[in-house]
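The values are calculated or read from the model by the stated rules, or taken from the named source; none is laboratory data. This structure is a prediction, so every number in the text was calculated from the model and none was measured. Please note: Cβ atoms are built from the backbone with ideal geometry, for glycine as well, and neighbour counts cover all protein chains shown. Surface areas here come from the heavy atoms of the whole protein model, side chains and all, with no ligands, DNA or RNA. Shrake-Rupley method; radii C 1.70, N 1.55, O 1.52, S 1.80 Å.
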Amino acid sequence: MDPGRRKPRLAVWKFASCDGCQLSLLECEPDLLALAAALDVAFFPEVSDRPIRGRYELSLVEGSISTPEDAERIRAVRRRSRHLVTLGACATAGGIQALRNFAAIREFTAAVYAQPAYIGTLGTSTPIATHVAVDFELRGCPVNPRQLQEVLSALLAGRPPVVPRHSLCSECKSLGHTCVLVAGGQACLGPVTQAGCGAICPAYRRGCYGCFGPQQSANPVSLSGTLTALGLNRQDLLRLYRTFNAAAPVFRAESERHAQ
Amino acid sequence: MSSQMNSAHVIDVTGFNHLLGWLGERGYRIVGPTVRDGAIAYDDLAGAGDLPRGWTDEQAPGHYRLRRRNDTALFGYAVGAHSYKRFFHPPWEALWHARREPETLQAQDEPSSTQRLALIGVRACEIRAIAIQDRVLLERDPQYRARRAEVFIVAVNCTTPSGTCFCASMQAGPQVSTGFDVVLTELCSADPPVFVVRVATAAGREALTAITHRAATETEMAVAESALRYAAEHMGRQMPGADLAPLLRRNLEHPRWNAVAERCLACGNCTAVCPTCFCTTVEDTSDLSGRALSRSRRWDSCFTAEFSYVHGGSVRPSTRARYRQWMTHKLATWPEQFGTSGCVGCGRCITWCPVGIDITEELAALGADSAA
Ligand code: SF4
Ligand code: SF4
Ligand code: SF4
């Protein structure tokens with residue numbers, strides 16, 4: 001980078017989420033100094049309590065939109081940001097909290113809060129891209145620190161990030177793992193899920209539960225046929241597709257097929 | 001009786017262990033079958049104790065299980081979950097890296113492998129697959145060439161084909177006839193087993209000389225022959241008919257492609273496990289400082305959208321088009337490009353397809369109901 005030039009300002013914004021994705025940035029540990037050298041971290045609620053106002057070259061957005069205030073706030077963030085990248089399943093698909101999209105929100109608030117009338121919330125949890133234009137969506141629950149670093153490096157260099165959108169199976173096979181579905185009879189969402197996590201679950205001999213969301217050419221209808229033959233019933237299948245990416249359109253459509 | 005037949009010898013498990021020791025002393029990295037995570041995988045072997053002694057594999061479309069045998073055979077299974085491909089043509093590899101300073105840009109190739117490699121338990125189908133990849137990659141790819149430079153192959157004839165094997169109908173097995181240093185046939189009639197051995201190279205002869213062996217008896221040779229005949233007659237599957245290329249070319253619009261596309265997950269498991277699939281993509285990355293640049297290569301598959309991406313979009317946006325590409329490349333255009341079939345009948349794409357799509361069944365369906 002040109003030493004005379006001001007470092008690009010990075011802002012990190014939090015909406016409805018658990019903070020896990022922001023923490024992935026801190027997990028880029030050996031490279032935190034390189035990060036600080038390359039970017040001016042302007043607003044980062046997890047590590048600093050001095051919010052800086054102004055404009056940002058890059059905004060990283062964690063979390064989904066679940067309240068009317070957040071729906072307003074994300075528009076303000078977009079106006080201040082040259083590039084906006086969403087981090088994780090909440091920001092990209094609505095997160096686990098999008099389970100509310102399948103039920104009546106009033107029943108939840110009545111069950112949880114003594115005075116549900118004071119709760120200001122939307123009936124849905126929606127991804128950032130439903131509300132504003134997004135430049136890049138990074139998947140995962142949480143995101144993979146290496147992929148996050150790659151997206152930041154790519155944006156700084158003005159090149160497309162190397163973040164493949166093919167199946168988890170490709171990654172799993174490359175790592176030399178044994179297929180837990182074929183050789184273990186386990187329910188695994190790997191064939192319909194996007195790669196990127198490093199095939200962590202199959203490495204520990206358990207099925208993928210889809211936290212990176214649908215791969216680019218997902219065919220869950222066919223996979224469900226195989227999982228049914230392995231002994232899963234409709235309730236099992238419904239639950240399998242309704243986790244962190246329940247509201248991702250491909251997974252939502254598949255879970256709804258098993259809800260009727 | 002041929003002179004090769006005349007030179008058959010026999011070693012026992014101890015002799016086999018000495019063979020591994022002999023290879024180790026000569027600086028070979030020894031790779032062969034071992035039980036790992038519920039399957040037979042090809043991995044580093046410390047000795048014969050790491051072999052899948054007493055295990056076999058049950059394979060069917062979309063199904064694999066390890067099963068116990070009722071003897072102590074070391075090679076009593078069909079083929080490993082992954083082929084030997086990954087040792088010559090790895091899933092990921094660095095090609096070069098560069099350093100950018102204000103005034104200069106210095107690039108450096110990644111070093112090529114200098115490791116000698118001994119492969120243990122290589123089946124006929126795998127040897128054919130290695131020969132096919134040689135045809136594709138040896139001239140074009142210096143990294144591949146370096147890994148292939150010093151390889152010692154201990155082949156083992158297949159006497160236990162699985163439910164998805166069809167090497168016999170691809171004329172690729174079960175008997176190993178070329179491309180090895182030493183070939184063994186395991187005789188499970190003895191327990192612990194003994195091995196009928198033949199050598200094909202000077203290195204193979206040197207190895208045999210170094211270990212305890214004796215001449216094979218007529219009976220042992222006959223038992224080995226009949227085990228191979230049994231294997232050829234017990235293939236789980238069969239690739240139907242000859243002239244696959246014209247059949248496929250006549251049927252590019254066959255409705256069967258739609259039917260298989262409904263089942264296909266476009267997951268790419270088949271191309272990853274196939275011992276001949278060679279496609280890769282190249283990725284360029286830079287670090288946060290923008291000074292360290294690198295180029296790497298990883299396996300790609302004709303089942304991904306990016307694979308056929310050109311300006312404006314994918315040439316094969318549908319799974320139908322991708323499955324058709326995979327099968328027609330294997331069986332029709334591969335022979336035109338490289339002079340052999342792209343399939344050796346190992347059955348891995350059938351076993352490891354999560355929905356059990358079977359290349360032999362798909363081809364039979366095209367043929368049965370073919371446009372004349
Ligand atoms: S079948 Fe597909 S992945 Fe395999 S070599 Fe052909 S184009 Fe490449
Ligand atoms: S196409 Fe299938 S059966 Fe043929 S060599 Fe490849 S994996 Fe084996
Ligand atoms: S044929 Fe099977 S293994 Fe290959 S991409 Fe389709 S579903 Fe996956």
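List of remarks:
- Charges were assigned to the Cβ only: +1 to each Lys and Arg, -1 to each Asp and Glu. The resulting dipole of the stretch A:123-173 about its Cα centre is roughly 140 debye.
- Loop-located GluC sites (Glu not before Pro) in the stretch B:186-277, at most 13 other Cβ atoms within 10 Å (DSSP): B:Glu253
- Inverting the pair-averaged 1/r between distinct Cα atoms of the protein assembly as shown gives 27.1 Å as its Kirkwood hydrodynamic radius.
- Those lysines that a straight Cα-Cα span of less than 23 Å connects to A:Lys173, excepting residues fewer than 8 apart in one chain: B:Lys85, B:Lys330
- Cα convex hull, the stretch B:1-147: 199 Å³ per residue, rounded to a whole number.
- Förster-model FRET efficiency, 22 Å R0, B:Arg116 and B:Arg205, C-beta, rounded to 0.05: 0.80
- Local net charge near B:Arg65, Cβ-Cβ under 9 Å (Lys/Arg +1, Asp/Glu -1): -1
- Listed residue (B:Val344, A:Thr228, B:Thr72) projecting farthest to the positive dipole end of the protein assembly as shown, Cβ model: A:Thr228
- Calculated [θ] (222 nm, deg cm²/dmol) that DSSP helices of n ≥ 4 give over the protein assembly as shown, each run adding -39,500 (n - 2.57): -9000 deg cm²/dmol
- The C-alpha atoms of chain A define a longest principal axis, and helix A:68-80 lies at about 50 degrees to it.
- The figure for A:Ile200 is an accessible area of roughly 90 square angstrom, using a 1.4 Å probe on the protein chains alone.
- D (Stokes-Einstein, µm²/s), Kirkwood Cα radius, the stretch A:9-157, 1.002 mPa s at 20 °C: 135
- Summing charges over all other residues whose Cβ lies under 11 Å from the Cβ of B:Thr185, with Lys and Arg as +1 and Asp and Glu as -1, gives -2.
- Longest stretch of chain A clear of exposed loop sites (trypsin sites (Lys or Arg not before Pro), DSSP loop, at most 15 other Cβ atoms within 10 Å, sites excluded): A:56-204.
- For the stretch B:80-152, the set of GluC sites (Glu not before Pro) satisfying both a DSSP loop assignment and a count of at most 10 other C-beta atoms within 10 Å is given as B:Glu103, B:Glu139.
- Our analysis of the stretch B:260-317 gives Rg over Rh at 1.09, with the two radii drawn from alpha carbon positions and Rh computed by the Kirkwood formula.
- Chain B shape via C-alpha gyration tensor axes, a/c threshold 1.5: oblate
- Using Cβ point charges alone (K and R +1, D and E -1), the dipole size of chain A about the Cα centre works out to roughly 420 debye.
- Rounded, prolate or oblate (a/c below 1.5 giving rounded, otherwise prolate when a/b exceeds b/c) for the stretch A:72-134 by Cα gyration tensor: prolate
- Its Cα centre serving as origin, the protein assembly as shown has a Cβ charge dipole (Lys and Arg +1, Asp and Glu -1) of approximately 1400 debye.
- Here the relative contact order of the stretch B:1-96, from alpha carbon pairs under 8 Å that lie six or more residues apart, stands at 20 percent.
- Residue-span extension gain [B:Glu93 to B:His311] - 0.36 nm each, minus C-alpha spacing: 75.8 nm
- Relative contact order (percent, whole number), the stretch A:9-157, Cα cutoff 8 Å, 6+ residue spacing: 29
- Charge dipole (chain B, unit charges on Cβ, about Cα centre) - positive-most of B:Ser83, B:Asn17, B:Tyr230: B:Ser83
- Relative compactness, the stretch A:168-259, computed as alpha-carbon Rg over 2.2 N^0.38 Å: 0.98
- Of the residues making up the stretch B:338-360, those losing 40 Å² or more of accessible area when the isolated chain is joined by the remaining protein chains, with a 1.4 Å probe, are B:Trp352, B:Pro354.
- Our compactness index for chain A, the C-alpha radius of gyration over the empirical 2.2 N^0.38 Å, is 1.07.
- Label point at B:Asp191 placed 7 Å out along Cα→Cβ; residues across the stretch B:10-27 whose backbone nitrogen lies under 19 Å: B:12-14
- Here is the result for the stretch B:255-330: no trypsin sites (Lys or Arg not before Pro) lie in DSSP coil with at most 11 other C-beta atoms within 10 angstrom of their C-beta.
- Residue-wise HN-Hα couplings along the stretch A:113-128, as the Karplus relation 6.51 cos²θ - 1.76 cosθ + 1.60 with θ = phi - 60° gives them from phi, are 10, 5, 10, x, 5, 7, 7, x, 8, 8, x, 9, 10, 10, x, 4 Hz; Gly and Pro carry x.
- Look at where the Cα atoms of the stretch A:186-236 and of the stretch A:117-146 average out, and the two centres are 22 Å apart.
- Acute angle (nearest 10 degrees) that the helix A:220-229 long axis makes with the longest principal axis of chain A, alpha-carbon atoms: 40
- Of all segments of chain A bounded by chymotrypsin sites (Phe, Trp or Tyr not before Pro) found in a DSSP loop with no more than 16 other C-beta atoms within 10 Å, the longest spans A:1-112.
- The stretch A:168-259: relative contact order as a whole-number percent, Cα under 8 Å and 6+ apart: 25
- Residue-level accessible surface for B:Val282, protein heavy atoms, 1.4 Å, Å²: 70
- Other-chain or far-sequence residues with amide H under 5 Å of A:His83's (modelled H): A:Leu58, A:Ser59
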